[in-house]
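*Asks:* Have a look at the structure that comes next, please.
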Amino acid sequence: GLLFGDLSPHRSQIEALKPFDPIILDHHKSAADILASFPHSVYADEAKEPGVSGAVLAFTEVWLPIRGVKRCERCRHWKLWQSCTCPPFKAMRELATLVGIRDTWQKDHPRFKEAGDLCKFLVFAPLSTLFQMTPQEVLARGREMGPLLRARVIDEAKRAVETGTHLESGGHKLLLFSNTHLSSDASTFAPEDTITCGYDFIHDGEEMRIQF
């Protein structure tokens, strides 16, 4: 009877959704006021909780409750979040933590590279394959294949910076290149005062359009 969706509602839909009492998880500042309208939602403030992304929220607010892990009554955290050493739990906690580091772009974190390697594997592997793997297997395969996959993406990101279109508009420097998936990595190699913007052409069933 549960429906999971990867989205936060638009402000225009707040009143329509209130009767359903949804649980919304988000870490984007733009969604803070929206989540305040739903009493059972959880917002992770990026300033107070760096590294807490949708993956971490899904782990603490969905994966753990489904397994019957109880909240600590004195705070919003889960009792076993930092202490449990059960292999599946420990591996899932590790997955959520690393994805959170990469997703919130914690570049100064000592595990940022490891997190990037893992995420390249997660993007590369088919969902059907990941669903058949245990958390331990996902971590192991990510550590095995992730560095190679990330090295390839880094090469592509550097090439995008070198061959992309450099523009100036309204006093801002902009770098345009094909492939939205390279946007974050390309920003690492582009000049600090340059906004990187990847794009793709997609067909939505009716017409061809450009997606940034």
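*Asks:* Specify which labelled value, from (1) -1.38, -1.43; (2) -1.14, -1.20; (3) -1.22, -1.40, agrees with log10 I(q)/I(0) by the Debye sum over Cα atoms at q = 0.17, 0.18 Å⁻¹ derived from the coordinates of the model shown.
*Replies:* This structure yields the entry labelled (1).
*Asks:* Sticking with this structure for a sec: What number of lysine-lysine pairs in the chain show an alpha-carbon separation below 24 angstrom, given a sequence spacing of 8 or more or placement on distinct chains?
*Replies:* Going through the chain pair by pair, I get 20.
*Asks:* What's the angle, to the nearest 10 degrees (0 to 90), between helix 135-163's Cα axis and the longest principal axis of the chain?
*Replies:* For 135-163 against the chain, the angle is about 30 degrees.
*Asks:* I've got another one for you. In the chain, what percent of the accessible surface is made up of carbon and sulfur (1.4 Å probe, ligands and nucleic acids excluded)?
*Replies:* 56 percent
*Asks:* Please identify the GluC sites (Glu not before Pro) of segment 159-205 that satisfy two criteria: DSSP loop assignment and at most 13 other Cβ atoms within 10 Å. Which are they?
*Replies:* On the way: sites: GLU162, GLU168, GLU192; in loops: GLU192.
Taking segment 159-205 and a limit of 13 other Cβ atoms within 10 Å, the loop GluC sites (Glu not before Pro) found are GLU192.
*Asks:* Sticking with this structure for a sec: Starting from the Cα gyration tensor of segment 80-169, take the square roots of the eigenvalues, sort them a ≥ b ≥ c, and report rounded, prolate or oblate (rounded when a/c is under 1.5, otherwise prolate if a/b is larger than b/c, else oblate). Could the numbers behind the result be given before it?
*Replies:* Values: a/c = 2.85, a/b = 1.83, b/c = 1.56.
Prolate.
*Asks:* Taking only protein heavy atoms into account and a 1.4 Å probe, give the accessible area per residue of the chain in Å².
*Replies:* Details: 13900 Å² over 212 residues.
Per residue, the chain has an accessible area of 66 Å².
The values are calculated or read from the model by the stated rules, or taken from the named source; none is laboratory data. Every value quoted in this text rests on a predicted model; they were computed, and no experiment measured them. No Cβ is skipped: glycine too gets one built from the backbone with ideal geometry, and neighbour counts run over all protein chains shown. Accessible surface is based on the protein model in full, side chains and every heavy atom, while ligands, DNA and RNA are left aside. Shrake-Rupley method; radii C 1.70, N 1.55, O 1.52, S 1.80 Å.
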